[in-house]
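Please read the structure below before turning to the comments.
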Amino acid sequence: MRETRGALQVGSLRGIPIRVHFSLLLVLPLLAYVFGGAFRRAAEVAEVPAGQLWGAPWVWGLGVAVGLFVSVFVHELAHTLYALARGGQVRSITLMMVGGVSELSEAPPRARDEALMALVGPLTSLALAGLLALVTWGVAGAGSFNLQFACFYLASLNLFLGLFNLLPAFPMDGGRILRALLTGRMGVVRATQVASVVGRGFALLFGVWGLVTFNPFLMVIAFFIFMGADGEARQVRMKATLEKVRVAELMSPRGLGVDVGASLEEALWEFRVERRTALPVTEEGRPLGRVAVEEVRAVPAEERTRRQVREVMRAAPVARLEEDGWRALRRMSEEESPLLLVVDADGRLAGTLEVGDVERGLTLFQNREERAERDARRWREERPA
């Protein structure tokens, strides 16, 4: 659900942004060097004279590196298209140093569809491996060792990508398949916890193996798997809790905000009194947007008395009292707003919701659920035969 930071949008597909993370740009030269070295070693093993090689090995290495990330994009695209076809919502596709990620705003509603959504990615990679193997065989008589080896190398990388993603190491595809298979018997929260533990176990194995073999890239992958598994488990638990809590139980009650016609100097005074960094903007009790303290302070002090809040205010997401907390939090994230305005049935301001409000409410309700679970477990253990 969270926006991927440090990424540059390079296009879009059906309204879904396609982004390239800066870490990918950093690793491309390294991969070009590594893959170029593989070209040289392969040529030596095949006893191909240097004069028969086309171009510098590092150029071919860069081509293979770019081809690898194109393959990763096709892998993620398969996830995206299947999710959209089954009622899911995809926020973006991001290519990173350790692969790619399709950020889901909403997963397909059925566990079976989520499992198949996870499966189509590795199957696509395996299909690409088969296709590139056929191309390798087809160009065998072309007389170009470079082209043949590049196709063979890309086929091998896609084969590895497909098989590696099928490992039950959450949050990779195999881990998501494992969670979907367990959801029917355990529920999504417990199934996610089990898949997360398995994923962290694989991450530790990868990390130890990376240390033993002095493979820094494997250690980076282990770190991302470990953090991803832990973060996904926390998010699923948070979602399960907030879906049962109404916005009215999380918000800070408030009937009025900064008047839209107030001067910026008056708004600055409100910030000092309220001790907040963002406040709602209202007109006759109805919310119009929000204003942040940094936007007011950006205006020169001598101009604040004659300029009004309406000149610097911004739009803000709105929620109703009866909505659940998860939907409200997701809306704040999607619109990148630090403040959500809560309205009553008449459309008047009833309160505001910030991330801090959600965190406090989440802790309170999760502690309440844990106490209820402990009491239920104690009752089962102590009840008479």
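The values are calculated or read from the model by the stated rules, or taken from the named source; none is laboratory data. Note that the coordinates shown come from a computational prediction; the quantities given were computed from them, not determined experimentally. For neighbour counting, all protein chains shown are included, and Cβ atoms are generated from backbone atoms with ideal geometry for every residue, glycine included. Accessible surface areas use protein heavy atoms only, side chains included; no ligands, DNA or RNA. Shrake-Rupley method; radii C 1.70, N 1.55, O 1.52, S 1.80 Å.
Check G6, G15 and return the single one that is open to solvent by 20 Å² or more (accessible area, probe 1.4 Å), on the phi > 0 side of the Ramachandran plot and modelled with pLDDT of 80 or more. Break it down into steps so the answer makes sense when it comes.
Working: G6 fails: modelled with pLDDT of 80 or more.
Just one listed residue meets the conditions, G15.
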Query raised in the report: Among (1) open to solvent by 70 Å² or more (accessible area, probe 1.4 Å); (2) touching a residue at least 24 places away in the same chain (Cβ under 8 Å); (3) more than 19 Å from P122 (Cβ to Cβ), where does L163 come up short?
Result: (3)
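For the condition under 29 Å from the mean Cα position of the chain (by Cα), over 15 Å from G351 (Cβ atoms) and open to solvent by 90 Å² or more (accessible area, probe 1.4 Å), what is the one hit in E311, E322, E302, E336?
Exactly one of E311, E322, E302, E336 is under 29 Å from the mean Cα position of the chain (by Cα), over 15 Å from G351 (Cβ atoms) and open to solvent by 90 Å² or more (accessible area, probe 1.4 Å), namely E336.
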Query raised in the report: Considering the stretch 73-105 alone, what residues qualify as being among the small types (G, A, S), part of a strand (DSSP E or B) and either open to solvent by 20 Å² or more (accessible area, probe 1.4 Å) or within 18 Å of G174 (Cα to Cα) (or both)?
Result: G99, G100, S102
Requested in this report: Find all pairs meeting these conditions: Cβ atoms under 6 angstrom apart; at least six residues apart or on different chains; first residue within the stretch 101-120 and closer than 25 Å to Q9 by Cα; second residue of a type in the set (S, T, Y) and modelled with pLDDT of 90 or more.
Outcome: S102/T80; M117/Y82; V120/Y82
Report summary line: Note on the stretch 136-186: residues at pLDDT below 85 and of a type in the set (F, W, Y) are F145, F149, F170
**Report entry** Of the criteria (1) in a loop (DSSP other than H, G, I, E, B); (2) open to solvent by 20 Å² or more (accessible area, probe 1.4 Å), which one P108 fails
**Finding:** (2)
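Does the stretch 124-134 include one or more residues that are modelled with pLDDT of 80 or more, within 15 Å of the chain's Cα centre (by Cα) and buried (at least 20 other Cβ atoms within 10 Å of the Cβ)? So that I can check it myself, show each step before the final result.
Within the stretch 124-134, the subset modelled with pLDDT of 80 or more is 124-134.
So of that shortlist, the ones also within 15 Å of the chain's Cα centre (by Cα) come out as none.
No - not one qualifying residue is present in the stretch 124-134.
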Report summary line: Note: among G285, G207, G231, just one is open to solvent by less than 30 Å² (accessible area, probe 1.4 Å) and modelled with pLDDT of 90 or more, namely G207
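Taking the stated definitions as given, is F214 assigned to a helix (DSSP H, G or I), without any contact (Cβ under 8 Å) to a residue 60 or more places away in the chain and over 22 Å from E369 (Cβ atoms)? Reasoning before the result, please.
On the way: assigned to a helix (DSSP H, G or I): no; without any contact (Cβ under 8 Å) to a residue 60 or more places away in the chain: yes; over 22 Å from E369 (Cβ atoms): yes.
So F214 fails the test.
Restrict the check to the stretch 29-49 and report whether at least one residue is in a helix (DSSP H, G or I), among the small types (G, A, S) and modelled with pLDDT under 75. I'd like the intermediate steps shown before the answer.
Within the stretch 29-49, the first condition is being in a helix (DSSP H, G or I), and the residues that meet it are 29-45.
With among the small types (G, A, S) added as a condition, the list becomes 32, 36-38, 42-43.
Next cut, modelled with pLDDT under 75 only: 43.
Taking every residue of the stretch 29-49 in turn, at least one turns out to be in a helix (DSSP H, G or I), among the small types (G, A, S) and modelled with pLDDT under 75.
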**Report entry** Residue satisfying condition, being over 21 Å from T80 (Cβ atoms), within 20 Å of the chain's Cα centre (by Cα) and open to solvent by less than 30 Å² (accessible area, probe 1.4 Å), within set A118, A155, A222, A150
**Finding:** A222
Query - Candidates R272, R331, filtered to the one that is without any contact (Cβ under 8 Å) to a residue 24 or more places away in the chain and surrounded by 16 or more Cβ atoms within 10 Å (Cβ to Cβ) - result: R331
Report task. Filter the stretch 87-110 down to residues that are modelled with pLDDT under 80 and more than 16 Å from the chain's Cα centre (by Cα), then give me how many there are. Result -> 1
